Amino acid sequence: MSSRSSTRSLPDAARGARLDLTHRPRRLRRSASIRALVRETRLSPEMFVEPLFVRSGEGIRREIGSMPGVYQLSVDEALRDAAAIKAAGIPGVLLFGLPDEKDAIGSSAYDADAPVQRAVRAIKSEVPELLVMTDVCLCEYTSHGHCGILAEDEVANDATVEQLARAALSHAAAGADVVAPSDMMDGRVGRIRESLDGAGFGQVAIMSYAAKYCSAFYGPFREAADSAPSFGDRRSHQMDPANVEEALREVELDLDEGADIVMVKPALTYLDVIARVKAEFGVPTAAYHVSGEYAMLKAAARNGWIDEPRAMLETLTAIRRAGADIIITYYAREAAKVL
């Protein structure tokens, strides 16, 4: 068919008719270069933090079944990953510990020779430029799997806060740059700040899990950290997923108590909360792209249902677009490679 006859078969608009439009937004979408030039939300490895799960032993790299590509690591292996994370341009790690022994009060959480404390010392010795954050909670350390000391099957707030302060202080003594209380006990940020300052660790920052929701998306994490509760759930202290105003009150309280960074967790299902927190307080805001959100993408990718690199970047971009300054994600190194 000639080009002339082909042209005749097209609608009038395609044969030269032109709308009288002043604004044509598609002009700025025509090529990859121009799309990059006008992009409003930008991702960078410098805004990522990668979680690491540390246990005792040597030469251990045990993949977590529900989280492909994520491992329980002995300290020597965690050190190898820390070096790779720094080389990828990612500024920090968030450490979780798997102790050898658990008890009713989570005393291993503040043992100077526990895996987290040993990992902090090793990383700060060998990769000193890497920012080391530590999760501060008791759920990985208690024999019952709850986030604090129990009193008649209820988590006792004030007694738990004292244990959390001991754990945070032990992390600071090991060399942690940032401690991150994730328990959602009332008053724990203020008590931790008081404890750190009183012991001469005023330079150690607090990243508070300020708005941590009671979410179904934590399931794979509980396998990774061996922290599932032996009975009941965590609704008495983690937030109701239906509430936003309450999250703002929690953030304000934590800031008043001395939090330097506030976090919303989970991230993807609470983008509106991230946006509200950033807009109303304007402080450094972190969001945790949690295990279940990660596992869903991995499962869909393994079944060939999604383009994983695109879905990964779209997800992380959404979290950034909502207002997160810091994104804690198991995808940190994968995303850094793509970026």
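The values are calculated or read from the model by the stated rules, or taken from the named source; none is laboratory data. Just so it is clear, the model here is predicted, and its values are computed rather than measured. Reconstructed Cβ throughout: ideal geometry from the backbone, glycine too, with neighbour counts over all protein chains shown. To get the accessible areas, we keep the full protein, side chains included, count just its heavy atoms, and leave off ligands, DNA and RNA. Shrake-Rupley method; radii C 1.70, N 1.55, O 1.52, S 1.80 Å.
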Item to check | Karplus (6.51, -1.76, 1.60) ³J(HN,Hα), θ = phi - 60°, over the stretch 35-52, in Hz, Gly and Pro reported as x | outcome: 4, 5, 5, 9, 4, 7, 10, 10, 9, 8, x, 5, 9, 9, 10, 9, x, 10
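Evaluated at 4 °C with a viscosity of 1.567 mPa s, what Stokes-Einstein diffusion coefficient in µm²/s does the stretch 20-147 have when Rh comes from the Kirkwood expression over alpha-carbon pairs?
Working: Rh = 17.1 Å.
Once the numbers are plugged in, D ends up at 76 µm²/s.
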Checklist entry - By how many degrees, between 0 and 90 and to the nearest 10, does the Cα long axis of helix 245-257 differ from the longest principal axis of the chain? => result 50 degrees
Item to check | 0 to 90° range, to nearest 10: angle between helix 271-281 axis and the chain longest Cα axis | outcome: 70 degrees
Checklist entry - Within the P(r) computed for the stretch 122-201, what percentage of the Cα pairs occupies the region above 17 Å? => result 46 percent
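Please report Rg over Rh for the stretch 73-121, where both radii come from the alpha carbon positions and Rh follows the Kirkwood definition.
Values: Rg = 12.5 Å, Rh = 11.9 Å.
Reported Rg/Rh, Kirkwood definition of Rh: 1.05.
Take the Cα pairs of the stretch 282-339, get the Kirkwood Rh, then feed it into Stokes-Einstein at 10 °C and 1.306 mPa s and tell me D in µm²/s. Could you put the intermediate results ahead of the total?
Working: Rh = 11.9 Å.
It comes out at roughly 134 µm²/s.
Ranked highest first by average number of other Cβ atoms within 10 Å, how do 241-250, 34-43 line up?
Highest mean packing first, the order is 241-250, 34-43.
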Next on the checklist: With a 1.4 Å probe and all protein chains kept in place, how much accessible area does Glu154 have, in Å² rounded to the nearest 10?
Outcome noted: 110 Å²
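When the expected Rg is taken as 2.2 N^0.38 Å, what fraction or multiple of it is the alpha-carbon Rg of the stretch 82-152?
Numbers: Rg = 14.2 Å, N = 71, 2.2 N^0.38 = 11.1 Å.
That works out to 1.28 for the stretch 82-152.
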Checklist entry - Hey, got the Cα dimensions of the chain along the principal axes, in Å, largest first? => result 83, 45, 38
